[in-house]
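The structure under discussion appears below in the form of structure tokens.
Quick note: the coordinates plus some simple rules give every number you see, no bench work behind them. Since this is a predicted model, take the numbers as computed values, not measurements. Please note: Cβ atoms are built from the backbone with ideal geometry, for glycine as well, and neighbour counts cover all protein chains shown.
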Ligand SMILES: Nc1nc(=O)c2c([nH]1)NC[C@@H]1CN(c3ccc(C(=O)N[C@@H](CCC(=O)O)C(=O)O)cc3)C=[N+]21
């Protein structure tokens, strides 16, 4: 038996088609959602991700606002672009592509953003709202993972979930989403300081592998039938994506998210959801 696929590509396509109708309805009310992106430097990976986001926007009818700065841009120059997007009524939501070049204070840039235009859900105000159970744009990757599980009928309520990683975009917010009353999962967060990762993984009904450590999750550590989400993005010598989950895990797991084609497309789809929801709120 081999695991069933948590098909991020197909699920993202379904979400985008639902959004197309909501965007059309907004336009009839005179509001066009617009996604802004701020890209600093010329990292090919970042350029590719940002290009993908604008392609998604075009598909659902969201306007694109692209701002690019050279790798030599100063803190003040990046902040000026952020202030400009805060003021721009055509920009209903935006992201600052991370990471920013060395020497730039990333947190200061994020704090300067208008929290109501935060399409990533990573502004400190919105992370605070998440902790306080207040409505807020949700971090795209954790929300994408949750949506992927829900739409494949994987039971979250009561599940033992192990999150591997404690990064700001996935590891830290993921347990906050999973432990809401609406989800009711039980979460263990593991990280590089965890003494016995295998022991935790073996008990998990759902594994979210977001450590950025190639093939960290091995088949002998996975409970038969578990759902395993591979969020890791490392690259091998040929430039191909290597995930945090060993390919043989598919022989043991009940569900597995391919990588690519799993969590990545879902992250992009949930970004669009945040943009459309912000525009709907601003339309009243
Ligand atoms: N402010 C900010 N927000 C982000 O959401 C953000 C960021 N900065 N910095 C970088 C990471 C990375 N990230 C990805 C999103 C989609 C794919 C994706 O769709 N990947 C495709 C394949 C892409 C390929 O083949 O290279 C897939 O998994 O199928 C990948 C990576 C968003 N990030």
In percent, what relative contact order does segment 92-132 have, based on Cα pairs under 8 Å that are 6 or more apart in sequence? 42 percent
Between Rg and the Kirkwood Rh of segment 40-186, both from Cα atoms, what is the Rg to Rh ratio? 0.99
Have a look at 266, 174, 125 and tell me which one the Gaussian network model of the chain (Cα, springs below 10 Å) gives the largest fluctuation. 125
Using only the Cα atoms, what convex hull volume per residue in Å³ does segment 15-109 have? 93 Å³
Would you please state the base-10 log of I(q)/I(0) at q = 0.14 1/Å for the chain, with intensities from the Debye formula using one equal scatterer on every alpha carbon? -1.03
Could you grab the relative contact order for the chain? Cα pairs under 8 Å, six or more apart, rounded to a whole percent. 24 percent
Return one number: the angle in degrees, 0 to 90 and rounded to the nearest 10, between the long axis of the Cα atoms of helix 8-28 and the longest principal axis of the Cα atoms of the chain. 30 degrees
For helix 75-87, report the angle its Cα long axis makes with the longest principal axis of the Cα atoms of the chain; keep it between 0 and 90° and round to the nearest 10°. 80 degrees
Principal-axis tilt of helix 44-60 within the chain, Cα atoms, nearest 10 degrees: 70 degrees
Shape call for segment 224-284 from the C-alpha gyration tensor, a ≥ b ≥ c root eigenvalues: rounded (a/c under 1.5), prolate (a/b greater than b/c) or oblate? oblate
Quick one: check the C-alpha center-to-center distance for segment 108-165 versus segment 8-57, whole angstrom. 18 Å
Share of Cα-Cα pairs in segment 158-209 beyond 17 Å, whole percent, is 30 percent
Pairs of alpha carbons in segment 125-284 whose separation is greater than 21 Å (percent): 44 percent
Compute log10 of I(q)/I(0) for segment 187-250 with the Debye formula, placing one identical point scatterer on every Cα and leaving out solvent, at q = 0.17, 0.25 Å⁻¹, to two decimals. -0.54, -1.09
Just the projected area, averaged over all directions, of the convex hull on the alpha carbon atoms of segment 86-135: how many nm²? 3.9 nm²
Would you mind getting me the FRET efficiency between residue 10 and residue 42? Use the beta-carbon distance for r and R0 = 35 Å, nearest 0.05. 0.60
When the helices in the chain are scored as -39500 (n - 2.57) per DSSP H run of 4 or longer and the sum is shared across all residues, what 222 nm value do you end up with, to the nearest 500 deg cm²/dmol? -12000 deg cm²/dmol
Output the antiparallel fraction of DSSP beta bridges having both residues in segment 87-226, as a percent to the nearest 5. 0 percent
GNM on the chain, C-alpha springs below 10 Å: top fluctuator among 234, 182, 46? 182
Expected max-MSF residue from 227, 14, 90 in the GNM of the chain (alpha carbon, under 10 Å) is 14
If you take every DSSP beta bridge whose two residues both sit in the chain, what share of them, in percent to the nearest 5, is antiparallel? 5 percent
